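A short reminder: the numbers here are calculations on the coordinates, not readings from a lab. All of these numbers come straight from a predicted model, not from anything done at the bench. Please note: Cβ atoms are built from the backbone with ideal geometry, for glycine as well, and neighbour counts cover all protein chains shown.
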Amino acid sequence: MSLRGAPLAYVNSSRAFAYLAERGEDALYAVKDVLGGTGSSKYLDTGDDKLFLVPQQLESTHDEDRLEGLKRVVAMISKGRDATPYLASVFKLTSTKSLEIRKLVYIVVLRYASSQPDLALLSINSFQRDLSDPNPLIRGMALRALSSLRLDMVAGVVMLAVGKAVRDVHPYVRRVAAYALPKCYALDESEYDTLIEHLTTLFRDTSPQVLGPALAAFLALCPTNWPMLHRHFRKLCYALVDMDEWSQPICVDVLVRYARLHLPAPKDAAGRLELDPDLQLLLEAVQPLLSSLCPAVVMAAIDALLHLAPPSQHAAVVPPFLRLLRSSHDIAYVATVRALSIAEEYPFLLAGHLTAFYVRANDPLYLALAKLDVLVRLVQPDEARALADELSVYTQSQTSSVALNSVAALGQIACQHCGAATHCFTRLFALTQDDLIAEAVANRAVQMLQLLLGSNADVGDQAISIIVRLAARLFVPLAAAKGGAQCRILTEPCARAAVLWMLGQHCGAQLAAPQSVLERKGIRADATLCELIVPDVLRCLVGHWRKEHPIVQAQALTLSSKATITIVDTDADARLRTVLGMLHFELLSLGVHSPSGDVRGRARFYSGITRRFGDHVSIVQSGDEQIERYIESHLSLDTLRLPGIRLRRTQAQHILFAHDPHTHKDIVQQLSFAHAPLQGVAPFVQGMQLVGTRAGPVPPWQDESQLPPSIVRLPDTESLHPNLAQVRSISSEQSSAGTMAARMEAPVQEHIPLTPASVSHPVRKSRYADLDAFLNDDESDVDLDARAPEDEEYALSDASESTQGSMSST
């Protein structure tokens with residue numbers, strides 16, 4: 001029944017029925033796969049009851065049964081089970097005509113060739129027979145399997161097979177031969193010269209399918225033999241765009257290294273760009289690869305342009321690079337790590353694209369940490385405040401590593417950009433006061449505040465008030481006295497030590513508060529922290545000495561020593577000085593008897609520094625005999641010690657308050673990101689490289705006086721050099737009727753082993769070898785009326801012209 005005259009509704013309903021029927025079949029196959037009906041998952045069930053029929057299936061005369069048995073055996077191998085009992089039956093199937101069976105047999109043979117060499121040798125005859133098969137796919141499979149056996153006793157056979165395959169008429173077989181060259185070298189290193197000859201033959205090929213694997217073999221056998229590539233450089237540039245995605249990154253890497261060593265560097269003098277023609281050819285060949293769907297190809301093209309192109313053309317790599325960041329997590333991580341080195345070499349290339357590296361909610365940990373590192377490196381002064389606000393949001397992340405490293409990033413931004421230091425300081429202090437923030441994040445924020453104060457960052461006048469508020473969170477009595485009984489006490493040793501360091505470093509500072517507020521609270525306008533809060537903190541430290549960590553105990557001794565030196569020049573009353581001296585003596589006594597060796601050493605050191613400044617305590621009449629006896633006992637104990645130099649106040653201050661310019665760098669290194677070893681890794685990720693390549697930095701540009709002349713890169717006269725860049729696809733009819741026919745008709749010569757794949761007509765042998773042969777030839781033997789071979793090229797055009805002429809006359 002014809003639907004030509006059927007109504008539109010009937011046609012639409014027929015199409016809908018066909019569509020639903022097709023979807024129903026897909027659903028049926030899916031259900032069967034789940035139930036083990038026809039899917040491959042049923043072969044993974046390798047129970048003893050399932051393997052009972054495998055020997056019978058392998059010995060069957062039907063290919064269907066053999067295929068089922070082989071699938072069971074391959075499934076056993078994939079699950080790590082021993083398939084040795086079936087090897088004899090499997091190796092018998094190497095001579096089968098079924099292509100599917102041969103593929104599975106080759107998998108089993110390669111898996112057990114090293115452990116069962118005697119059985120593997122049984123398949124050598126089948127491999128050699130398949131090397132002469134008319135099907136190029138079978139010839140390639142046989143060569144791949146034969147070269148992968150890795151048995152020393154078959155090295156000679158493999159060399160003969162490879163020598164024949166490099167001159168095969170089909171590019172697929174020659175491609176497999178190129179990949180087999182490194183395997184042959186691993187079997188027998190004495191055949192190195194022969195392998196180099198085969199590699200030279202493969203480089204004369206014009207098929208992009210062969211040139212890519214030939215470059216992989218070049219990197220494995222002779223990566224520094226650059227003269228071999230001189231005459232093929234331009235051909236490789238033309239063929240680059242037509243290579244497969246696996247070969248393109250290798251080819252780009254080789255060409256980049258070649259260009260750095262043998263081409264002049266681009267010059268940009270007085271606004272005029274000078275590029276070598278060969279370098280321009282390479283840049284034009286790499287440019288289309290930026291639009292590739294393969295991330296490895298795009299990354300290789302980006303690296304090539306950054307290493308070879310002038311700075312004015314570097315902006316072209318930014319859009320494809322940002323596209324990689326929106327890919328899968330693994331690809332985005334590789335691109336992000338590559339951005340670290342780009343930020344070091346070209347800091348302004350990615351400027352303005354900071355938002356592309358913002359951490360997303362679904363980013364895994366490794367990607368989020370890498371993005372945080374890139375954000376710190378790429379941020380510009382005008383973007384520092386906006387990034388600080390973004391990082392403050394990351395501190396609320398449920399992933400502790402992301403939150404902690406976000407706090408560290410805030411501190412690094414404040415150290416790098418002075419204009420944003422105050423803003424970052426405020427953000428960090430807000431984290432310490434937020435009870436909803438994790439305790440570890442708050443402790444890290446306290447450490448970063450110490451970093452900012454120790455690096456002399458411009459944090460404004462609010463630093464002193466922040467130090468006072470942090471000191472009140474060291475002990476519960478202090479928090480209650482400040483009206484914050486419900487606030488969270490800092491318990492982490494590093495955070496407590498950081499607060500004591502900040503308090504000791506600024507113990508001589510005055511509160512930045514209005515005078516009316518100070519008078520209302522009964523505080524002098526020139527009162528320092530040494531008078532207002534340090535005595536209370538030292539009193540609590542004496543009472544909680546045994547509960548404190550050795551890090552906190554060491555900082556307590558430092559705070560006590562700094563306060564003892566500072567209070568000498570203040571207007572504090574005598575009783576406050578006496579109290580502060582007693583607390584200092586008590587802390588020194590506790591420190592000398594501490595179990596920690598570091599604390600004991602620091603206590604003795606500070607005792608010698610502050611020895612002279614304890615004399616003022618002896619002249620104080622406290623009115624309490626117990627206090628006076630306590631002071632005299634410490635002073636008498638000090639006189640019994642070995643005499644030493646008594647430092648002046650300025651000398652002691654220089655020792656205790658001196659600022660080390662490298663201190664904040666050390667703290668930044670301690671609080672750096674977890675993936676610090678990956679910073680600045682090129683070309684991709686540390687320890688990762690393509691198979692067949694050798695990791696190493698790109699060589700620098702060479703001096704022009706040492707470069708070879710451009711004439712060395714003239715095309716090879718022994719191999720044709722068509723414009724491969726114009727070839728994009730070949731139809732099946734052209735491939736079978738034109739190219740392959742030409743290959744079969746063309747004679748194979750020793751110095752020209754292959755006929756180019758792009759030539760569609762037979763390559764005929766010249767009649768005369770040289771001029772002498774032409775002159776010695778008898779002219780009478782030449783038939784001038786005979787049809788020349790070249791006339792065949794114009795036969796079709798002559799016929800068309802004659803047809804058009806007859807039609808016009810008619």
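List of remarks:
- Out-of-range pairs (alpha-carbon distance over 32 Å; input K103/K164; K183/K371; K164/K235; K79/K183; K183/K235; K235/K371): K183/K371; K235/K371
- Computed from the C-beta positions of E64 and N362 and an R0 of 60 Å, the FRET efficiency is 0.85 to the nearest 0.05.
- For region 52-143, chymotrypsin sites (Phe, Trp or Tyr not before Pro) are listed when DSSP marks them as loop and at most 15 other Cβ atoms sit within 10 Å of their Cβ; the list is F52.
- Modelled spin-label separation between A88 and C222, with each label point placed 7 Å from Cα along the Cα-to-Cβ direction: 4.8 nm.
- Length gained when the stretch V592-V476 is fully extended (0.36 nm per residue, less Cα-Cα span): 39.1 nm
- Theoretical FRET efficiency, 1/(1+(r/R0)^6), r = Cβ-Cβ of R81 and T355, R0 51 Å, to 0.05: 0.50
- Computed FRET value (nearest 0.05) for H544 with Q380, which takes r as the C-beta separation and R₀ as 51 Å: 0.65
- Note on I655 and F605: the model spin-label points, each 7 Å out from Cα along the C-beta direction, lie 1.0 nm apart.
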